[in-house]
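Peer 1: Sharing a structure below in structure tokens format, with a few things to ask.
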Amino acid sequence: MTQILPKIVAITGAGISKASGIPTFRGKDGLWNKYRVEDLATPEAFKRNPTLVWNWYKARMRILIDAKPNAAHYALTRLEKEKMLTGLITQNVDGLHKLAGTKNVIEVHGNIRYARCENCSYRARWDRKELIDESAELIKCPKCDKLLRPDVVWFGEALKPDKWQKAVELTEKCDMLLVIGTSAVVYPVASLPLLAKERGAEVIEFNIESTSISRMCDRSYFGPAEKTLPKFVESLISRVKR
Ligand code: BJW
């Protein structure tokens, strides 16, 4: 007899990578406590002071370069191997989901390990040790000599249309949406839980504290995702496969 498996989609944010040593953006030890977001993650900030912006990304790369996925990342990989996770929409730029072995990952805010030209279509990895050094020169495009910038989505910039469309399609078709380690305040990703709910999916949140979407969620597991998510996944798999 063929088993009908639930279609589960996960949305992840910075909190899932906290146990891997990567700071979150908001909250008491968030990345942006020391800086104003407008000074760092906008195209205007890059135009104004590309060195400051690059130094922030280099500092983050120095943390990231040796970071390893944690139990929460691996729990999602397991769910995908069991053919229950149909897609993973991540706002994170750290690449840890792919490193954990999850295949269908949509990095809607880009990937910090890549740089692209501010002018032409050139794109390349920049995460080599010598480029992460703060004293390193700004990197120029080998094709047109303009500046390279991190290949991430800044405020006021549109998400790549193909990625966003995929994220919406996955959300519309899922039976269960897991929202993990995100404050759910940054749009358009923050609109997906409501979309899933309107389409009849169960929305389940994993966070250390309540968020802007907690009231609309069917269930919230409050606690570190690296603890709560693996437990949830194991119990779900054993229930479905029983
Ligand atoms: C744990 C934990 C543990 C900790 N376990 N949990 C509609 C309404 C209002 C505003 C807008 C709107 N539409 C668009 C906007 C504007 C703007 C926006 O959303 N502003 C809001 C802040 C108000 N959005 C945009 O500009 C977006 N673009 C856009 O909409 O374009 C439209 C357009 C169309 C056509 C032409 C032009 C434009 C782009 C948004 C890009 C966001 N980019 C960033 C930076 C990426 C690069 C980089 O990394 O440097 O993405 S901002 C930053 O926030 C980053 C994150 O991906 C994103 C979300 O943060 P996240 O992941 O939720 O982190 P935190 O820190 O907020 O939360 C961590 C959570 O984890 C907390 O809840 C903790 O409690 C929890 N936690 N430990 C479980 N162990």
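Please treat every number below as a calculation from the coordinates, not as lab data. If you're wondering where the values come from, they're calculated on a predicted model, not measured in any experiment. Note that we place each Cβ from the backbone using ideal geometry, even for glycine, and neighbour counts take in every protein chain shown.
Peer 1: Only bridges with both residues in the range 42-181 count here: give the DSSP antiparallel percent, nearest 5.
Peer 2: Approximately 75 percent, going by the DSSP bridge assignments.
Peer 1: What's the magnitude of the charge dipole for the range 1-152 around its Cα centre, counting Lys and Arg as +1 and Asp and Glu as -1 at the beta-carbon? Answer in Debye, nearest 20.
Peer 2: 240
Peer 1: Amide H of Val203 versus every other amide H placed in the peptide plane: which residues, excluding those fewer than 5 positions away on the same chain, fall under 5 Å?
Peer 2: Leu177, Asp218, Arg219
Peer 1: Per the helix-only calculation at 222 nm, which mean residue ellipticity applies to the chain, given -39500 (n - 2.57) for every DSSP H run of n ≥ 4 and division by its residues, nearest 500 deg cm²/dmol? Spell out each step's value before the answer.
Peer 2: Numbers: 8 runs with 77 residues, N = 242.
Roughly -9000 deg cm²/dmol at 222 nm, from the helical runs in the chain.
Peer 1: Expressed as an acute angle from 0 to 90° and rounded to the nearest 10, what is the orientation of the C-alpha long axis of helix 50-64 relative to the principal long axis of the chain?
Peer 2: Between helix and principal axis, roughly 50 degrees.
Peer 1: Using the Karplus curve 6.51 cos²θ - 1.76 cosθ + 1.60 with θ = phi - 60°, work out ³J(HN,Hα) for each residue of the range 229-242 in order, rounded to whole Hz, and write x for Gly and Pro.
Peer 2: For the range 229-242, the Karplus curve yields 5, x, 5, 4, 5, 4, 5, 5, 4, 5, 5, 5, 8, 4 Hz.
Peer 1: Using θ = phi - 60° and the Karplus form 6.51 cos²θ - 1.76 cosθ + 1.60, what ³J(HN,Hα) does each residue of the range 137-148 get, whole Hz, x for Gly and Pro?
Peer 2: Per-residue couplings from phi come out as 5, 4, 8, 9, 6, x, 8, 10, 6, 7, 6, 8 Hz.
Peer 1: Further, regarding this structure: Under 24 Å Cα-Cα from Lys129, which lysines qualify once same-chain neighbours fewer than 8 residues away are excluded?
Peer 2: The qualifying lysines are Lys18, Lys58, Lys68, Lys98, Lys140, Lys143, Lys146.
Peer 1: Multiplying the sequence separation of Ser238 and Lys129 by 0.36 nm and subtracting their Cα-Cα distance, what value in nm do you get?
Peer 2: Extending this stretch completely gives an extra 34.9 nm.
Peer 1: Return, ordered by residue number, the residues of the range 225-242 whose backbone nitrogen is under 18 Å from a label point located 7 Å along Cα→Cβ of Gln3.
Peer 2: Only 231-242 pass the distance filter.
Peer 1: According to a simple spin-label model (label point 7 Å from Cα along Cα-to-Cβ), what is the distance in nm between Cys144 and Glu172?
Peer 2: 3.4
Peer 1: Now for a different question. Give me a comma-separated list of calculated 3J(HN,Hα) values for the range 211-219, in order, Karplus coefficients 6.51, -1.76, 1.60 applied at θ = phi - 60°, integers in Hz, x for any Gly or Pro.
Peer 2: 10, 5, 9, 3, 5, 8, 6, 6, 8
Peer 1: Here's another thing I want to ask about it. Rounded to the nearest 0.05, what FRET efficiency is calculated for Asp162 and Ile65 with R0 set to 30 Å and r the Cβ-Cβ distance?
Peer 2: 0.60
Peer 1: Percent of alpha carbon pairs in the chain separated by more than 30 Å? Numbers along the way, then the final one.
Peer 2: On the way: 7859 of 29161 pairs.
Looking at the chain, the distances longer than 30 Å represent 27 percent of pairs.
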